[in-house]
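Some notes on the structure that comes next.
The values are calculated or read from the model by the stated rules, or taken from the named source; none is laboratory data. Note that this is a predicted model, so its numbers are computed, not measured. Every residue, glycine among them, receives a Cβ derived from its backbone with ideal geometry; neighbour counts consider all protein chains shown. For the accessible areas, the whole protein counts, side chains as well, though only heavy atoms, and no ligand, DNA or RNA atoms are used. Shrake-Rupley method; radii C 1.70, N 1.55, O 1.52, S 1.80 Å.
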Amino acid sequence: MMRNAQLLEDLEAEEIEPVPRRRGFPFKVLGLAVVLALVGAGLFFARGPVSEDSPAADNRALTDTDATTKAIGDVSNALTRIFTYGPEDTATAERAASESLTGHAATDYQRLFGQVKQQAVAQRLTLKTHVVRAGLISLTGGHAQLLVFLDQVATRAGKPSGTPAAAQLSVTADLKDGLWRITEIKAR
């Protein structure tokens, strides 16, 4: 206790010099903030507004919820139907493809599905497809680009072949007669 008292006396006896004040410090910070704000405003106005002719102005993917929902729904339903089949029923998938696909997508599907039909019967192959998530990248007029994530479960001769396989597709679709028809499918 005696030692603490001695320390307190020593501290009180010691002259503490005041910390020198920085002159102009708040004004420098304020000046820097004003300069940065002016530069930011200048860059913003120099860029100008988004032109009505720019592709960004035409993209309704985030602004037209009804069209977005319709495009995602039509494409998701089509992909589920064209990539779901069994050994006794490949005709349903083919019919769905003829209704939902056009252009390159239809040509590629027909070419590949001819081989799949033979394997489906020979191996008693069943494929079930479920769209996990789909998102619209762009929607301009009657043209849409989507990113779609699928889960697919295959069975051979009634025996599961493992866990669901994930697939990621880049899909292009066009609106025709009130229905979004897939024009291109690319695996990612």
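Would you pick out the residues in the range 123-139 that are open to solvent by less than 50 Å² (accessible area, probe 1.4 Å) and among the β-branched types (Val, Ile, Thr)?
Across the range 123-139, the qualifying residues are Thr126, Thr129, Val131.
State which residue is nearest to Ala78 (Cα to Cα) when the search covers only the range 141-188 and only residues that are at pLDDT 95 or above and of a type in the set (Val, Ile, Thr).
Out of the qualifying residues, it is Ile182.
Name the residue, out of Ala106, Ala144, Ala120, that is in a helix (DSSP H, G or I), of a type in the set (Gly, Ala, Ser), open to solvent by less than 90 Å² (accessible area, probe 1.4 Å) and in contact (Cβ under 8 Å) with a residue 24 or more places away in the chain.
Only one candidate qualifies: Ala120.
Only residues that are among the hydroxyl-bearing types (Ser, Thr, Tyr) and open to solvent by 60 Å² or more (accessible area, probe 1.4 Å): list them for the range 147-183, please.
Result: Ser161, Thr163.
Quick check on this structure: which one of Leu139, Leu150, Leu169, Leu127 is in a strand (DSSP E or B) and closer than 21 Å to Thr65 by Cβ?
Exactly one of Leu139, Leu150, Leu169, Leu127 is in a strand (DSSP E or B) and closer than 21 Å to Thr65 by Cβ, namely Leu139.
So which residues in the range 74-98 are without any contact (Cβ under 8 Å) to a residue 60 or more places away in the chain and within 24 Å of Thr140 (Cβ to Cβ)?
Hit for the range 74-98 is Asn77, nothing else.
If you scan the range 67-93, which residues turn out to be closer than 18 Å to Thr172 by Cα and either among the acidic types (Asp, Glu) or in a loop (DSSP other than H, G, I, E, B) (or both)?
Within the range 67-93, Asp74, Phe83 qualify.
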